[in-house]
Amino acid sequence: MSMSNTLETRNRRSGTRAKTTNYPLDVMNKDPLMEYVDEDDKVIGCFPRSEIRRRKENYRIIAVFVFNDKGQLLVQKRSAELKRFPNCYDSSVGGHVEPGESYEEAALREMKEELGIIEPLELIKKKKITYEGVTKFVSLFKCFTIQKLKINEHEVKEVKFLGISQIKAMIKKGKVFLPVFREFFKDLYGDFK
């Protein structure tokens, strides 16, 4: 028998409270909670990630472009084990904003989880990106590193530092990059032609 639970979280920035609604504890443990937001990026509440996707609620994510001292951008290839976008190319770091986190806190957490590093971040851009019928509020950060990376092999298959022209050539050849990466890359570096 599974127990029901109502969880309340507090957003650290705004101080607003959000509640989940009676999800079994075993579901919550296997399916991380995420905040869903309105069209102005204001928190409405929390649900397990699968429920947010099923209901097509708006939510928050981050992306980080990590550069080396040669100006090359780190691109990751996602693990084949991932349910969504396996074996696709992505930003250096990407992930969901957890309940109560700021975008920057989420970016730092994901950077540590995926690459094993922490670097000072600079916010480049925040935008709404809609795909799969859902609006994602995305903050793109950038940083520079010369640290040795410690890759989380459960999430990341491989990483490479590549020049901008190399990435454009990969896209032209049909390599599959996630929509968020393509959107920001095009904003910053122009068309893929």
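The values are calculated or read from the model by the stated rules, or taken from the named source; none is laboratory data. For clarity, every value in this text was computed on a predicted model and none was experimentally measured. Neighbour counts run over all protein chains shown; Cβ positions are idealised from the backbone, glycine included. For the accessible areas, the whole protein counts, side chains as well, though only heavy atoms, and no ligand, DNA or RNA atoms are used. Shrake-Rupley method; radii C 1.70, N 1.55, O 1.52, S 1.80 Å.
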- Query: Here are VAL93, VAL97: which of them is touching a residue at least 60 places away in the same chain (Cβ under 8 Å), of a type in the set (A, V, I, L, M) and closer than 19 Å to SER139 by Cβ?
  - Reply: VAL97
- Message: If ILE117 satisfies all but one of (1) open to solvent by less than 10 Å² (accessible area, probe 1.4 Å); (2) modelled with pLDDT under 95; (3) assigned to a loop (DSSP other than H, G, I, E, B), what's the number of the condition it fails?
- Response: (2)
- Just one of LYS83, LYS126 is touching a Ser or Thr at 6+ places or on another chain (Cβ under 6 Å), under 23 Å from PHE177 (Cβ atoms), open to solvent by 30 Å² or more (accessible area, probe 1.4 Å) and without any contact (Cβ under 8 Å) to a residue 40 or more places away in the chain; which is it? LYS126
- Note on the structure: Per the list (1) open to solvent by less than 30 Å² (accessible area, probe 1.4 Å); (2) modelled with pLDDT of 95 or more; (3) β-branched (Val, Ile, Thr), residue check on VAL43 breaks on (1)
- Query: Only one of (1) aliphatic (A, V, I, L, M); (2) open to solvent by 30 Å² or more (accessible area, probe 1.4 Å); (3) within 22 Å of VAL176 (Cα to Cα) fails for VAL138. Which number is that?
  - Reply: (2)
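Sort out which residues of segment 167-192 are more than 19 Å from the chain's Cα centre (by Cα) and in contact (Cβ under 8 Å) with a residue 12 or more places away in the chain, and write them in order of number. Even if it seems obvious, please write down each step before you answer.
Taking segment 167-192 first, the residues more than 19 Å from the chain's Cα centre (by Cα) are 167-175, 189-192.
Within segment 167-192, ILE167, LYS168, MET170, ILE171, LYS172, LYS175, TYR189, PHE192 meet the criteria.
Can you tell me which residues in segment 95-109 are outside any loop (DSSP other than H, G, I, E, B) and modelled with pLDDT of 95 or more? Walk me through it before giving the result.
As a first pass, look at segment 95-109 and keep what is outside any loop (DSSP other than H, G, I, E, B): 95-96, 103-109.
Once the filter is applied, which keeps residues that are outside any loop (DSSP other than H, G, I, E, B) and modelled with pLDDT of 95 or more, segment 95-109 yields TYR103, GLU104, GLU105, ALA106, ALA107, LEU108, ARG109.
Are any of the residues in segment 42-60 under 27 Å from LYS160 (Cα atoms) and within 14 Å of the chain's Cα centre (by Cα)? Steps first, please.
We begin by selecting, within segment 42-60, every residue under 27 Å from LYS160 (Cα atoms); these are 60.
Going one step further and asking which of them are within 14 Å of the chain's Cα centre (by Cα), we end up with 60.
Scanning segment 42-60 turns up at least one residue that is under 27 Å from LYS160 (Cα atoms) and within 14 Å of the chain's Cα centre (by Cα).
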- Query: Scanning segment 86-113 for residues that are out of contact with any helix residue (DSSP H, G or I) (no Cβ under 6 Å at 6 or more places or on another chain) and of a type in the set (S, T, N, Q), which turns out most open to solvent (accessible area, probe 1.4 Å)?
  - Reply: ASN87
